[in-house]
Amino acid sequence: MIGASLSRWTMSYFAAALVALVAAEIMMVAGYGFPAASIGAPETLILVHVVAIGWLSLLMCGALLQFLPVLVAKPLYSDALALPALVALVAGLAALILGFLQLGGRIAPGVPFLAIAAILLIAGFALIVWNLARTMAAAKTIPLPARFVLVGLAGLALTAALGATFALTLGGTVTSGPLLTLTVAGLPIHVVAGLGGWLNITAVGVSYRLLAMFMLAPELERRTTSGALYLGAAALGVAVAGGILMVLLEAGPSLALLAGLALGLVALALYGFDAGHLYRARKRPKIELNSRMAAFALASLAASVALVVILLALGRLGDQTGAVVYLVAFGWLSGLGLAQLYKIVAFMTWLECYGPVLGKAPTPRVQDLVTETRAEKWFWLYFVAVWAGAAALLAGFPLAFRFAAALSLAATIGILAQLVRTRRLADVKAAIRLPRGAQPPRLLMTHQP
């Protein structure tokens, strides 16, 4: 990564994503949305999309703008496209929230907020996909981790297309019979495309590279890695394309979704074997906080897989979908995101501030920008709170869930405070904080070294 260019707007994506995460946790503490409301209620739809678009998608987009060029050893196609994409996505999410409030009768009809949201979100995600796809197209070869990202971007395109279809149909802009049918029965397909395809497959691909890089482990090109990629892609195709076809044939998507789930569980098992191998094969004997906490995120993923299998065997998966989605979204994806964000922010800040003066003046190490003992307790609290929240959902205790959400909110704010300290160089010794020629980092955007 030394000498790698920095994405100017990645920190802005991270900041917007963290604001959305805090907002979602506040909603859960207040009892807004599931489990106080049904899964299909407008309140739940607002909560879900604040998490899926505002938090996880913005986090993933920001990370990819910085790290996809590292994966393919090519510069980002256009750093200028990142800002309009971010503006379109944030504005689109705001319009989507207003549209859901209209559906719930909280806002008077008139302005077609759902149609506006569809246009803005499609535009924002299209800019992201175009930018990243052109970056990959310029590469001589696409390594395995980047191929996961490619499949994930296909999942993003499918998710955005389905979401726009639902928004235009629910808003009354589109009245086509087949699209109405898809809107009525296609919500599980939309969830699978977004959570399973876009977010999960992309997270797997990026984590292969980040875990290897931060633990000094060898890059993986094993059969299990290829198997995870191909089975994950097949799961996405079977569940989404097959599910849409079944819905349009008025047969229901259940069979396609179950087939995709079976393929996806095997793919995740292979990924689990690979992740364990990375930890065992690492050259760094004492791993840093981000890698230790990533292990808890992986444990959450394993628990999610086991929970799905158990619920399927008991015939209870449909009843406990909310608990499974919560554990995947907050235990696995959010846990991994927060853990790696702790290191990524430090690494980018170090590269931005001290990269230009390396060899010219004494500089701190990346690890000198953080104080792990201060941050560790917040990560522990976060994971314990999320696991308690999942247990409360499984047991049907909504008040206990809100209490667990309050703990996860406190933990998130604690982690966020550590990230701000890192950007402010608050933990770097004064003697070497700003050597001659170094620029203090800005909070929401990066200098170009």
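Below is a table of values for the structure above.
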quantity	calculated
Candidates Leu150, Leu144, filtered to the one that is of a type in the set (A, V, I, L, M, F, W, C) and touching a Ser or Thr at 6+ places or on another chain (Cβ under 6 Å)	Leu144
Among (1) assigned to a helix (DSSP H, G or I); (2) out of contact with any Leu (no Cβ under 6 Å at 6 or more places or on another chain); (3) surrounded by 15 or more Cβ atoms within 10 Å (Cβ to Cβ), the one test that Pro441 misses	(1)
Of all residues making up the range 167-195, the number that are at pLDDT 90 or above, more than 23 Å from Glu250 (Cβ to Cβ) and surrounded by fewer than 24 Cβ atoms within 10 Å (Cβ to Cβ)	1
Residue in the range 287-307 that is under 30 Å from Ala241 (Cα atoms), in the same structural domain as Asn200 (by TED's automatic domain parsing) and either surrounded by fewer than 21 Cβ atoms within 10 Å (Cβ to Cβ) or among the hydrophobic types (A, V, I, L, M, F, W, C) (or both) present	no
Any hit, the range 43-57, residues being of a type in the set (S, T, N, Q), assigned to a helix (DSSP H, G or I) and crowded, with 23+ Cβ neighbours inside 10 Å	yes
Test result for Val366, surrounded by 23 or more Cβ atoms within 10 Å (Cβ to Cβ) and either in contact (Cβ under 8 Å) with a residue 24 or more places away in the chain or within 18 Å of Pro441 (Cα to Cα) (or both)	no
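For every residue, the table says whether it meets (1) of a type outside the set (Lys, Arg); (2) surrounded by fewer than 17 Cβ atoms within 10 Å (Cβ to Cβ); (3) outside the structural domain of Ser7 (by TED's automatic domain parsing).
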| residue | (1), (2), (3) |
| --- | --- |
| Lys343 | no, no, yes |
| Ala404 | yes, no, yes |
| Leu416 | yes, no, yes |
| Gly437 | yes, yes, yes |
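The values are calculated or read from the model by the stated rules, or taken from the named source; none is laboratory data. What you see is a predicted model; the values in this text were computed from it and never measured. Cβ: placed from backbone, ideal geometry, glycine included. Neighbour counts: every protein chain shown.
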